[in-house]
1. Ordered by packing density, taken as the mean number of other Cβ atoms within 10 Å over each peptide's residues, highest first, how do 257-270, 70-83 rank?
2. Placing one identical point scatterer on every Cα of segment 24-289 and ignoring solvent, what is log10 I(q)/I(0) from the Debye formula at q = 0.07, 0.08, 0.11 Å⁻¹?
3. Give me the extension gain from residue 165 to residue 72: residue separation times 0.36 nm, minus the current Cα-Cα distance, reported in nm with one decimal.
4. Would you mind calculating the gained length between residue 286 and residue 158 on full extension (0.36 nm times residue separation, minus the Cα-Cα distance), in nm to one decimal?
5. For segment 24-289, what is the relative contact order in percent, using Cα pairs closer than 8 Å and at least 6 residues apart in sequence?
6. Where the centre of each part is set by its Cα atoms, how far does segment 68-99 sit from segment 131-194, in angstrom?
7. Cβ neighbours within 10 Å, averaged per peptide: list 273-284, 99-110 in order, most packed at the top.
8. With label points built 7 Å along Cα→Cβ from the Cα atoms of residue 203 and residue 223, find their separation and express it in nm.
């Protein structure tokens, strides 16, 4: 069964009664895009009907901004920069990464509720379910970033580069979050319940976000943790976003290659995640759908 045009959804020629000409069927790609958009709308509608989930997803980043900038900011010193300026890129990165967990938890919940079995009976591309899931999380992350930027401006954070660089920073955050959503989607399809993925995801996300340069300089960490932080892909994302927003100040950059080439490191990481986890997700979804 083709990923793009599964059984029951094969394109067929049809006759246009008005012109009496044969109408070419939509291509497999067009049907795949249509299916993906339909599932994306389904997930966004579901989110709209669950405003409590949307509210808490938005309140969490606001809470982190206020907590770190207003409560801990006076106690944390950053060499060569104001802590609020240093902090925001880390908050942005943490929020979009945590937001990517919705893909995993939602896939696990759909499996538990039997929604996947219903999708299996429809004449649609199987990969459209995954595309719709990751696309809707991308929309949620974009909304979170916009709200965080507004909150950051209220507490004194500023973008010190051009509009194009700032947009590139936002795009990089969302690109990384989209690629990471596929990682979490695979995890969501691999666990037995939504409750399990919440615990499993935090065991992965907490070391990635907190053993990094998101909240403190990696140079202040013990040597083994400093080495981990300097090669942590989240640290590269944070460093690249700081550079694009002009929030680096005169903070010294570690000599590690990922820190010296942060933007390139993030782009390589995004490509690797997509190349590895998109096929794995599609294969895993096909496996659980055929049971």
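Bear in mind that the values in this text are calculations on the coordinates, not laboratory data. This structure is a prediction, so every number in the text was calculated from the model and none was measured. Cβ atoms come from the backbone with ideal geometry, glycine included; neighbour counts cover every protein chain shown.
1. So the order, starting with the most tightly packed, is 257-270, 70-83.
2. Values, matching the q order: -0.26, -0.34, -0.63.
3. Numbers: separation 93, 0.36 × 93 = 33.48 nm, distance 2.86 nm.
Computed gain between residue 165 and residue 72 is 30.6 nm.
4. 41.5 nm
5. Values: 336 pairs, mean separation 71.8, N = 266.
Relative contact order, segment 24-289: 27 percent.
6. Each part reduced to its Cα centre gives a spacing of 17 Å.
7. Going by the mean number of other Cβ atoms within 10 Å, highest first, we get 99-110, 273-284.
8. Going by the 7 Å Cα→Cβ label model, 3.0 nm.
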